Structure formats: structure tokens, C-alpha cells
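Read through the structure below, which is laid out as C-alpha cells, and then see the notes.
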Amino acid sequence: MDSLTQGKTKMLTEIEAKKLVKKAGVPVVDTRLAKTAREAAALGQEIGFPVVMKILSPDIIHKSDIGGVKVGLANKARLLKAYGEVMASVREKQPGARIEGVSVQKMAAPGVEIIIGMSKDPQFGPFLMFGLGGIWVEVLKDVSFRIVPVTRRDAAEMVREIKGFALLQGYRGQEAVDINIIESLIVKVSDFIEKNPQIKELDINPLIVYKDSAVAVDARVVLE
Ligand code: ADP
Ligand code: MG
């Protein structure tokens, strides 16, 4: 759910957005700010390789579209090289963007990527969107919607309504993921939205789900 930030709205950086998402009760991958390549390398050691590095800017909506995301950085040398590449690519592709530095974060294990999003309708107010990550949302528009407040029962319906539900139940040898956790996180986001009307848009994309846990690796929040 993209909309350009306009008027008096303010887009948070990924680190700020993840703080809010964590407050809502959603587990978030350990994510820290580095202002220089040296700081980034130190964080890589601290967090433990492999790590993920991303451009950190309040002006960039789709980080990977402009070469601003590097995953699976296995050691310090790779991380330093990635830092240079990210900065060069972002400066070329979005020269006006304010850059706060990069985020260095723990590399989450592969799982099923899902999206929980919130946007506001002028008539009905806030509503949540649920779907699987990647092409499922972007190309196939395989998503479900409910108006906030979303009950546990609504959440259970949202999850089962999408065509890709079978993928969550395990498909061709892939392990089934924890549907209960997904439902409970949808309800937590709904509760948080109700209590925080200053949030105009929120996207957890992706939330990676596993057989008995889930973790948000990216978040975007726009405040009124
Ligand atoms: P964008 O701003 O382009 O949405 P993301 O932060 O979502 O950037 O990163 C793009 C993709 O990289 C994600 O969809 C996910 O597959 C992968 N990714 C991002 N962060 C992590 C992480 N910490 N661990 C594992 N994979 C990640
Ligand atoms: Mg994302």
C-alpha cells in the first residue's frame, strides 16, 4: 500500500518503523544504525555474520528497487564492499534522498514471507490488508481486507480467504507455518492501530513466518 508522502505526513525510517511495530507486539529482527562503513563493520561483528545491510533514509520507499538492500553478507570484507555499492547506487538512482546511513540487521532464516498492511479509507477509516509476499501481492493482487477493529475471527477469515492459503499449510514438501501466530499478529496490529490514530499507513513487508514463530524484517510507517 504505497502512497507518496505529501502535505504534513511523515515517513519514518525503517529503524523507527520497526520500533513501533515491536511496540505493537510483533517480533522484529535485530536492526541497528551505522553512519559509516566502519560502524557498519563493527555492527556486523556484534550481530554476527551473515547480516543484511540496507540504506536508511526517510525519503526512500522501495529500498531494493534502487540497489539499497544487500542480503547474506558473510563477512567484514563483503560488508564493506556492499556499503560502497549501496551508497553509489542510491546516489545515482535517487540523488535527492536524505541518507541517515545504513541499517545492519540479523539475516533471518528463509520461511514464508507475508504482508500485514494498514491504510485509511476516507469513508471507513483504517483497514488491514493481508497477503503473501512478493508477486502474490504485486502481480496477482491475492490479498484480503478487513476494517479495523479486526477480531480474531476476522483474522482467521482473512488468512483463509487468499488463494495462496495452501502455501501456508505446507506445499510440496515445504513445512506448514503457524497460522495461529499470523492470526494473533493481525489482531495485535489492529489493536495498535486503534490506539494510535496518528499512524496513517503501516506495512510489515515482509513478515517471515515459520512453523512456530514469525519475525518482521522490513517495516514502513507513515504518520499523519
Ligand atoms: P524494500 O524496501 O525493497 O521492501 P526490504 O527491506 O523488504 O526492502 O528487503 C527486500 C527483501 O530482502 C525482503 O523482501 C526479504 O526477502 C529480504 N530481506 C530483507 N531484510 C532481511 C533480513 N533481515 N533477513 C532476511 N531477509 C531479508
Ligand atoms: Mg519490504
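The values are calculated or read from the model by the stated rules, or taken from the named source; none is laboratory data. As the structure is a prediction and not an experimental result, all values here were calculated from the model. Don't worry about glycine lacking a Cβ; one is built from the backbone with ideal geometry, like all the others, and counts go over all protein chains shown. The area values use the complete protein model at the heavy-atom level, side chains included, leaving out ligands, DNA and RNA. Shrake-Rupley method; radii C 1.70, N 1.55, O 1.52, S 1.80 Å.
Site pair Asp178 and Ala97 shows an inter-label distance of 3.3 nm when each label is modelled 7 Å from Cα along Cα→Cβ.
Of the chymotrypsin sites (Phe, Trp or Tyr not before Pro) found in the stretch 29-129, the ones in coil according to DSSP and having at most 15 other Cβ atoms within 10 Å of their Cβ are Phe124. Projecting the Cα atoms of Ala155, Asn205, Gly125 onto the charge dipole of the chain (Cβ charges, centred on the Cα centre) puts Asn205 farthest toward the positive pole. Surface composition of the chain: carbon plus sulfur atoms contribute 53% of the solvent-accessible area (1.4 Å probe, protein chains only, all chains present). Based on protein heavy atoms only, the stretch 112-223 ends up with 47 Å² per residue of surface accessible to a 1.4 Å probe. For Lys10, give me every one of the lysines with a C-alpha distance below 21 angstrom, ignoring sequence neighbours fewer than eight places off in its own chain. Reachable lysines: Lys18, Lys19, Lys22, Lys23, Lys54, Lys63, Lys120, Lys195, Lys200.
If one computes the Cα centroid of the stretch 157-224 and of the stretch 59-103, what distance in Å separates the two points? Their Cα centres are 26 Å away from one another. Residues in the stretch 21-26 carry Karplus couplings, in order, of 4, 5, 4, 6, x, 9 Hz; the curve used is 6.51 cos²θ - 1.76 cosθ + 1.60 with θ = phi - 60°, and Gly or Pro positions show x. Checking every one of the trypsin sites (Lys or Arg not before Pro) in the stretch 38-112 against DSSP loop status and a limit of 15 other Cβ atoms within 10 Å picks out Arg98.
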